[in-house]
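Participant: The structure follows.
Values quoted throughout were computed directly from the atomic coordinates according to the rules given, and no laboratory measurement underlies them. Small disclaimer: the values here were computed from a predicted structure and weren't measured. No Cβ is skipped: glycine too gets one built from the backbone with ideal geometry, and neighbour counts run over all protein chains shown.
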């Protein structure tokens, strides 16, 4: 067999990585047997990944809503359209900011934690010990974290949107003095369940799959050293952010095709 | 039933281009404690990983209980491992579980025993390693020797036919080391197991082992009972057994001429 052409060399590593990711994704799906033990592990991870992300999601959501309302109010007041602040807030949140910001916060808070935890288990031979005890580490360690991440992110995104609406409403109604009937009325009239709310939901589901997978992949295949674990956590945040923004565009383009 | 529980035949293993082990022939008799010794980095742990099927040889075969490990399906490999206990170098305890739960992991995973029975089984194993009183401690609260003993209890909790120890004495103080040595022998004899101990601790193994192999230069350079090995005059064996700094295994890693390096 001849050595690959030197012009092909730079392509080989990303291609190998892509192939490994696909195989690992299939392995995760194949190992997802929902027995009692795995359900219990998923519930534990829902607490560690989901419940423990609540505070950061709620605080960020509230302030994102406030700042969005403030910025919209300043610009809309130039056209005398401050009545539309509620509609602008809701549409930006449901269509883009809610799922995207939740995914970015999630990868920074929970994704890094998952990657570091699995990486450390690899470095201290805990994954190897499982294999030697005839326990599949993918089924036992990876699957519960992946599924918990996929379930958590849409729920966190809904909470983020609710808190952002609350933050926006607080600023608009109590500081700017906009009439509450106008604020909520315009919002309800502008937001459509299928095209806006469901877009937010499906995006957050897709981002949940992406960010959770990148986190478990980075941790599982990291070099088992301190340096390797550091790189795995950085990779989790960076790759997740890029992937989320690319997929966000693709989903938006797909759902607004007509 | 064959007299040998483990048999490695004409085995060669390499990482990419680098050959680690070449033409290894090794067998372990049932019921015995066999030591695999040699300097650091010669591939002793690789032998352990070949026996457990975590690595596949380039050529040759690995047989455990008459079955070829390297050609086993994933399912059969896991089935075989249920009958093998492995004590890894650092214990590899699960850091999110306390001592009791660590030892209970294999039992919960591979049996449907009621909780009361699991509790008794775990406590009996912990009593055997002298740590029944430490059931509620977390791994971070254990000393190195205690962690190794908990790992030993976990590895032997299902009474496997074969126990593999990877550097069980590394980093232990004399009390910890002699405790582990006694436990290896007692566990082996009481449970009628077979034990393979990977180590470079010469004196301790010469006391403990029924038979020993010495690996160096990618192959087995000596084998026999401890008494036979002491009579061996092979310079590679003598260097290892006597702990001589220089010899067939050189002190210096291969390098260019020192004069050209330092004086240009």
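Participant: What are the residues in the stretch A:124-140 that are at the interface with another protein chain (Cβ under 10 Å from one of its Cβ atoms) and part of a helix (DSSP H, G or I), if any?
Facilitator: Answer for the stretch A:124-140, where residues must be at the interface with another protein chain (Cβ under 10 Å from one of its Cβ atoms) and part of a helix (DSSP H, G or I): A:126, A:127, A:128, A:129, A:130, A:131, A:132, A:140.
Participant: Residues to consider are B:158, B:137, B:152; find the one that is away from chain A (no Cβ under 12 Å), assigned to a loop (DSSP other than H, G, I, E, B) and in contact with a helix residue (DSSP H, G or I) (Cβ under 8 Å, 6 or more places away or on another chain).
Facilitator: That would be B:137, the only listed residue that is away from chain A (no Cβ under 12 Å), assigned to a loop (DSSP other than H, G, I, E, B) and in contact with a helix residue (DSSP H, G or I) (Cβ under 8 Å, 6 or more places away or on another chain).
Participant: Something else about it: Return the pair list, or none, for Cβ contacts closer than 7 Å from residues in the stretch B:238-264 that are in contact (Cβ under 8 Å) with a residue 60 or more places away in the chain to residues that are surrounded by 13 or more Cβ atoms within 10 Å (Cβ to Cβ) and part of a loop (DSSP other than H, G, I, E, B), at least 6 apart or on different chains.
Facilitator: That search, which allows pairs on different chains as well, returns B:240/B:38; B:240/B:39; B:249/B:39.
Participant: Now for a different question. Just to be sure, is residue B:130 outside any helix (DSSP H, G or I) and within 14 Å of chain A (Cβ to nearest Cβ)?
Facilitator: no
Participant: Would you confirm whether or not the stretch B:89-98 contains a residue that is assigned to a loop (DSSP other than H, G, I, E, B), over 17 Å from residue B:159 (Cα atoms), touching a residue at least 12 places away in the same chain (Cβ under 8 Å) and touching a strand residue (DSSP E or B) at 6+ places or on another chain (Cβ under 6 Å)?
Facilitator: Scanning the stretch B:89-98 turns up at least one residue that is assigned to a loop (DSSP other than H, G, I, E, B), over 17 Å from residue B:159 (Cα atoms), touching a residue at least 12 places away in the same chain (Cβ under 8 Å) and touching a strand residue (DSSP E or B) at 6+ places or on another chain (Cβ under 6 Å).
Participant: Sticking with this structure for a sec: Condition test on residue A:166, is it farther than 16 Å from residue A:214 by Cα and either touching a helix residue (DSSP H, G or I) at 6+ places or on another chain (Cβ under 9 Å) or without any contact (Cβ under 8 Å) to a residue 60 or more places away in the chain (or both)?
Facilitator: Answer is yes for this residue.
Participant: Can you go through B:60, B:31, B:66, B:43 and tell me which one is on the phi > 0 side of the Ramachandran plot and either crowded, with 19+ Cβ neighbours inside 10 Å or within 14 Å of another protein chain (Cβ to nearest Cβ) (or both)?
Facilitator: Of the residues listed, the single one that is on the phi > 0 side of the Ramachandran plot and either crowded, with 19+ Cβ neighbours inside 10 Å or within 14 Å of another protein chain (Cβ to nearest Cβ) (or both) is B:43.
Participant: Run down B:90, B:76, B:25, B:10 and say which single residue is surrounded by fewer than 17 Cβ atoms within 10 Å (Cβ to Cβ) and within 14 Å of another protein chain (Cβ to nearest Cβ).
Facilitator: Details: B:90 fails: surrounded by fewer than 17 Cβ atoms within 10 Å (Cβ to Cβ); B:25 fails: within 14 Å of another protein chain (Cβ to nearest Cβ); B:10 fails: within 14 Å of another protein chain (Cβ to nearest Cβ).
It is B:76.
Participant: Residues being surrounded by 19 or more Cβ atoms within 10 Å (Cβ to Cβ) and in a helix (DSSP H, G or I): count how many of those fall in the stretch B:184-203.
Facilitator: 3
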